[in-house]
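Chemist: One structure coming up, written as C-alpha cells, with questions to follow.
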Amino acid sequence: MTASHSPEPTSASRIAARRDYNGPVFLSQGFRPFFLGAGLWAALAVALWLGEWLGLLPPLMVLSAGWHAHEMIFGFAGASIGGFILTAIPNWTGRLPVRGAGLGGLVLLWLGGRVAMVSTDILGSIGAGIIDSAYLIILSLVIWREIIAGRNWRNAKVAATISLLAAANILFHWLSAQNYGDTALAERLGVAVLIVLIALIGGRVIPSFTRNTLARRGDPKLPSPVSNTDRFTLIVTTITGISWVLYPESLLCGGLALISSALHLERLTRWRGLAVLGEPMLWVLHLGYLWISIGFGLLAAHVFLNLVPQSSAIHAFTAGAFGTMILAIMTRASRGHSGLPLTADRTTTSIYGFVTLAAIFRVTGSLTNMPLYYGFSGMFWILAFAVFVIAYWKVLTTDLRAQKR
C-alpha cells in the first residue's frame, strides 16, 4: 500500500501540516478536536443513559432507543470518522489539511448537533434535525472538495459513504418528525453505511500495518495483497446492507448475511492476525474487524432460527466493530501524528480490553435478555473511553513534536 492511501503520517504530510499555520495546536489537524470530542461524548452519552436506566438521574429522554442509537451512530461515530478522514486527506491528496477556523467551524457544527439532540423538547423535531444535520452535510462537502481538488478518485467511494451517512441522518430526523416516529429504517441505514466504511478502510490499513510489522521481523509469510476476493466481499457486503435496510426479516437478507459473515472471516484469515498477537495495537484492529463477521452471523441466525434477537447483531456491529475499530484507529493515529511510537502501553492495552468486555457483555445481554449485562457493558464502555480521554488528553491538545524540539 502506498503512503497516499494510508492514514499514517508521511514526511510530506508532516511538513504540509506545519506549513503557514500559526493557529492553536488543537485546531491544527482534524484528529485532535474530533477524537477528543468522540471520546468525551461516547463516555458521557452512555453515562447519561446508564444513570437514567439505573434511576440515578431524573428522566432526561436519553433512555429513548432512538436518541441512544442516533448519538452512537451519527454523533459519536460521526465525530471519529470526521477526525480520521480529515487527518488522512493530506496523505491522500497532497493538499494542506483542513485546520484553523474551517476545522473549528466543523467542530462547532458537531457540538451544535449534540446540544440540539438533548433539546428536542425546546427546538422541536424539525429544528433539532436541521441543526444536527448540518455537520455531516458540510463534512461530506468538504471531503468531496478535497477529493476533487486533489484528483484522488480512488477515495471517491469514501466520500460517497460519508454522503450516504449524512443522508441517513436526514432520514432519521424526517422519520422522527412523523407521527409514528419509527426511525429504525434510518438507524439500519446508518449502521450499514458504517459497516461498509469499516470494510473499505479496514481492508486497506489492517493488512498494510500487519505486513509492515511482519516484514520488519523478516517473516516470509505476509498478508495477502488486495484481490478480486476482497472486491467481491465489499460488493456482497453492500448488497447485504441494502437488503437488511429494506427487508430486515427476509430470507434473502439472512442468506446474504450468512455469505457476508463467511467472506469477512475468510478475508480476516488472510491478514495473519495470529502472527501479531504480541502487538496490541495490531491485534485490536483484527479483533474489531472480526466483530463484522460475528454481526452478520448473528443476523443470519436471527432470520433463519428466530432464536437470536436482531439487537444482538446490531450491537455486535456497533459496540463490537464500531467501538473497537474507532478506539484502535484513534489511539494509533493520535500516537503516529504526535511522533510517539506505534506501540501500546499498558494503559492503551487496557482501553482495548475494556471496550472488548463492553461489546461482549452487550451482545450477551441481548442473547440472554439479562439486563444486568447491559449495566456491565455500559460501565466498561464508559471506562474505555474515559481512560482514552485521560490518557490521550495531552497528546491531542499539545504539540509533542514541538516540545521535543
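FYI, it's all coordinate maths here, none of it is from the lab. Everything quoted here is computed from the prediction, not taken from an experiment. Every residue, glycine among them, receives a Cβ derived from its backbone with ideal geometry; neighbour counts consider all protein chains shown.
Chemist: Quick check: residue separation of Asp182 and Thr269 times 0.36 nm, minus the Cα distance between them. What number comes out in nm?
Modeler: So the chain would gain 27.4 nm between Asp182 and Thr269.
Chemist: Answer with one residue from Asn169, Val191, Ala321: the one whose Cα lies farthest towards the positive end of the charge dipole of the chain, charges on Cβ with Lys, Arg +1 and Asp, Glu -1.
Modeler: Positive-most Cα among the choices belongs to Ala321.
Chemist: Based solely on its DSSP helices, what 222 nm [θ] is calculated for the chain when runs of n ≥ 4 H residues each add -39,500 (n - 2.57) and the sum is averaged over all residues, nearest 500 deg cm²/dmol? Can you show the working numbers first?
Modeler: Details: 16 runs with 297 residues, N = 405.
So the helix-based figure for the chain works out to -25000 deg cm²/dmol.
Chemist: I would also like to ask the following. Along the charge dipole of the stretch 44-177, Cβ charges K/R +1 and D/E -1, which of Ile147, Thr120, Ala45 sits furthest on the positive end?
Modeler: Farthest towards the positive end: Ile147.
Chemist: Which residue, Ala38, Ala47, Ala328, has the most motion in a Gaussian network model of the chain that connects Cα atoms within less than 10 Å?
Modeler: Fluctuation is largest for Ala47.
Chemist: Compute a Gaussian network model of the chain, connecting alpha carbons closer than 10 Å, and tell me which residue from Leu200, Leu48, Leu56 fluctuates the most.
Modeler: Leu56
Chemist: In a GNM of the chain with a 10 Å cut-off on Cα contacts, which of Leu165, Leu175, Leu139 has the highest mean-square fluctuation?
Modeler: Result: Leu175 has the largest fluctuation of those listed.
Chemist: For Arg204, Arg217, Arg401, Arg332, what's the fewest-to-most ordering of other Cβ within 10 Å of each Cβ?
Modeler: Arg217, Arg401, Arg204, Arg332
Chemist: So what's Rg/Rh here for the stretch 226-311, counting alpha carbon atoms and using the Kirkwood radius for Rh?
Modeler: 1.03
Chemist: Let me spell out the model: positive unit charges on the Cβ of Lys and Arg, negative unit charges on the Cβ of Asp and Glu, origin at the Cα centre of the stretch 3-404. What dipole size does that give, in debye rounded to 20?
Modeler: Approximately 1640 debye in magnitude.
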